[in-house]
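Heads up: the structure comes next, in structure tokens.
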Amino acid sequence: MSFPCIDKLETRQRDLSNGPEPLYEKVVTGYNLFHHAQPFVCDHGGVLSQIQLAYETWGRLNKDRSNVILIHTGLSGSSHAHSHERNTRAGWWEAFIGPGKAIDTDKFFVVCTNVLGGCYGSTGPGSVDPLTGQRYATTFPVLTVNDMVRAQFLLMDHLGVDRLYASVGSSMGGMQSLCAAALFPQRVGRLVSISACARSHPYSIALRFAQRQALMSDPNFNRGFYYDGVMPHVGMKLARAIATVTYRSGPEWELRFGRRRRAADQPPMFCADFLIETYLDHQSEGFCLQYDANSLLYVSKAMDMFDISRSVTERLRAQREEAEQGLAAKGSGGGRTVCGAGSVCLSEAESPESHVGHSSVETGDEIMADLVAGVKNVMQPTLVLGVQSDILFPVKQQKEIADILRRAGNTNVTYYELDAMYGHDTFLIDKVNVGAAIKGHLENV
């Protein structure tokens, strides 16, 4: 039996060993950088001495700065949602942004950031820690979706934007858009959440856990300290293959690939044999050196921990405030102490609590009441979109968002459920239905 896929991986490994890896922040170009020079305290107690966010803009800001739409990205999204003069490559939401499109740049000033923890220009595990001169790697503090949103609103402060016209996001971006409306209700005018959830559910957590386990099992992972060596190429490829299975749907693959094999006249093989297998191999290979493995760990974990419930939100805020008080008492810039090879010492006030992210209530009614309390201030006109073929964020979770908002008293909630065959990636593909729903919501007075 031959193993051409293993031969290919071994050849790739040798190539990687002979040359430097790409700097991920250079994969995307043409973005602006917002630099926040003050310490940024994270919800789980870690402190970044300073942060920067990569962001891009389209359209024109009006005089009273009231036409700003903030677009939140999914797990591996960059700030490059649409092309522009400084980067003419098509963005990840190219078909949805522009003059006359779903998000009309003739009417709105559109902003998109690479999230905190990412690797496309924003501060993340691959960034250099100014306190040590070394890359953070896995000394980087654990993040929450709330942290990402709070960093984005520091950018809004920098841009002089007091209130967003709308907060728009899909997948993890939908988590962020809901979070933005809950944390900053007076600063968000409208809300769009697509293929997201109010709290991460066990199935999606399990899938992301499998991805992280595959990644960390790569012998080159080195507990996250791989920047001066070989990147964990194989682990990233496996992680992406697992993820890709969750992004699309069985009906689509039945239509596109069926049970067709690459070479039906050849004996079966353990490497990519069926066309669906060749598709997964191609997709994962194209991604594995375009995104930082540590960012995948941190951002996916933030998704796992997401829960808009009041008890969780208040606990995170209390932890952060305690850490901020400890930092102020120290009177130092940063509050982080590096204590040996790859580890970070946190003070008692900064120590993360293992129970954060787990609801303290038990019954279904209590869980629902806690979720409703978490969105009690989210009274903005809201659009919630779900896709019937989505297995990563099933429509049940979008229905839950709409339900808790209505129970909280929001009388302007629109819920659409799309019968599309593209699974979770529908928000990237179906510009007719998804685009029309977004445009209608944003422009309907």
**Item:** Sulfur and carbon atoms: percent of accessible area, segment 100-205 [1.4 Å]
**Value:** 52 percent
**Request:** With a 1.4 Å probe and every protein chain kept in, tell me what percent of the accessible surface of segment 251-291 is carbon plus sulfur.
**Result:** 57 percent
**Positive minus negative residues near ALA180 (Lys, Arg vs Asp, Glu; Cβ under 13 Å)** = +3
**Segment ASN377-THR411, extension gain: residue separation times 0.36 nm, minus the distance between their alpha carbons** = 11.0 nm
**Prompt:** Along its principal axes, what span do the Cα atoms of segment 1-136 show, with the longest given first and each in whole Å?
**Reply:** 64, 40, 26
**Prompt:** At LYS8 and HIS201, where each label point lies 7 Å from the Cα along Cα→Cβ, what is the point-to-point distance in nanometres?
**Reply:** 3.4 nm
**Choice from ALA137, ALA272, ALA196 showing the highest fluctuation, given a GNM over the chain with Cα pairs closer than 10 Å** = ALA272
**Prompt:** What is the spread of the Cα atoms of segment 397-445 along each of their three principal axes, largest first, in whole Å?
**Reply:** 33, 27, 13
**Asked** Which residue, PRO141, PRO251, PRO125, tops the fluctuation ranking in a GNM of the chain built on C-alpha contacts under 10 Å?
**Response** PRO251
**Prompt:** Using the Karplus equation 6.51 cos²θ - 1.76 cosθ + 1.60 (θ = phi - 60°), what ³J(HN,Hα) coupling, rounded to whole Hz, does each residue of segment 198-209 give in order, writing x for Gly and Pro?
**Reply:** 8, 7, 6, 9, x, 5, 5, 4, 4, 5, 6, 4
**Request:** Report, as a whole number in µm² per second, the diffusion coefficient that Stokes-Einstein gives for segment 87-238 at 37 °C and 0.692 mPa s using the Kirkwood radius over alpha carbon pairs.
**Result:** 184 µm²/s
**Complete:** FRET efficiency (SER217, LYS63; Cβ distance; R0 45 Å; to 0.05) is 0.25
**Fill in**
A correct Karplus calculation of ³J(HN,Hα) over segment 417-430, with 6.51 cos²θ - 1.76 cosθ + 1.60, θ = phi - 60°, whole Hz and x for Gly and Pro, returns 10, 8, 9, 9, 9, 8, x, 4, 6, 4, 5, 8, 10, 7
**Complete:** Here P(r) for the chain, Cα-Cα distances in 20 Å bins, as whole percents, is 25, 58, 17, 0
**Item:** Sequence ranges 288-294, 175-181, 368-374, ranked by mean other-Cβ count within 10 angstrom, highest first
**Value:** 175-181, 288-294, 368-374
**Prompt:** Given a 1.4 Å probe, how much area per residue of segment 41-119 is accessible, in Å²?
**Reply:** 34 Å²
**Request:** Among PHE393, ILE6, GLN319, pick out the residue whose Cα is farthest towards the positive end of the charge dipole of the chain, where Lys and Arg carry +1 and Asp and Glu carry -1 on C-beta, about the Cα centre.
**Result:** PHE393
**Request:** Would you please give the FRET efficiency between GLU321 and THR29, computed as 1/(1 + (r/R0)^6) with r the Cβ-Cβ distance and R0 = 60 Å, to the nearest 0.05?
**Result:** 0.95
**In Hz, Karplus ³J(HN,Hα) per residue of segment 436-445 (6.51, -1.76, 1.60; θ = phi - 60°; x = Gly, Pro)** = 5, 5, 5, 4, x, 5, 6, 9, 6, 8
**Request:** Take THR57, THR139 and sort them by solvent-accessible surface of the protein heavy atoms, 1.4 Å probe, largest at the top.
**Result:** THR57, THR139
**Fill in**
Loop-resident trypsin sites (Lys or Arg not before Pro) in segment 254-304 with no more than 11 other Cβ atoms inside 10 Å, DSSP not H/G/I/E/B, are ARG259, ARG260
**Solvent-accessible surface (1.4 angstrom probe) belonging to ILE6, in square angstrom, nearest 10** = 80 Å²
**Message:** Starting from the Kirkwood Rh over alpha-carbon pairs, what translational D in µm² s⁻¹ does segment 212-332 have by Stokes-Einstein at 37 °C and 0.692 mPa s?
**Reply:** 184 µm²/s
**Item:** Peptide ranges 102-112, 198-208 listed from the most packed, as the mean C-beta count within 10 angstrom indicates
**Value:** 102-112, 198-208
**Request:** Mind telling me which of GLN319, GLN38, GLN52 comes out most flexible in a GNM of the chain, alpha-carbon contacts under 10 Å?
**Result:** GLN38
**Asked** So how many Å³ per residue does the convex hull of the Cα atoms of segment 167-252 work out to?
**Response** 139 Å³
**Asked** Which number gives the lysine pairs in the chain that have C-alpha atoms under 15 Å apart and are eight or more places apart or on different chains?
**Response** 6
**Request:** Divide by every residue of the chain the summed helix terms, -39500 (n - 2.57) for each DSSP H run of at least 4, and state the resulting mean residue ellipticity at 222 nm, rounded to the nearest 500 deg cm²/dmol.
**Result:** -11500 deg cm²/dmol
**Message:** Given a 1.4 Å probe and heavy atoms of the protein chains only, how would you sort MET1, MET305, largest accessible area at the top?
**Reply:** MET1, MET305
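The values are calculated or read from the model by the stated rules, or taken from the named source; none is laboratory data. No experiment lies behind these values; they were computed from the predicted model shown. Positions of Cβ are generated from backbone atoms using ideal geometry, with glycine treated the same way; all protein chains shown enter the neighbour counts. Side chains included, ligands, DNA and RNA excluded: accessible areas come from the protein's heavy atoms. Shrake-Rupley method; radii C 1.70, N 1.55, O 1.52, S 1.80 Å.
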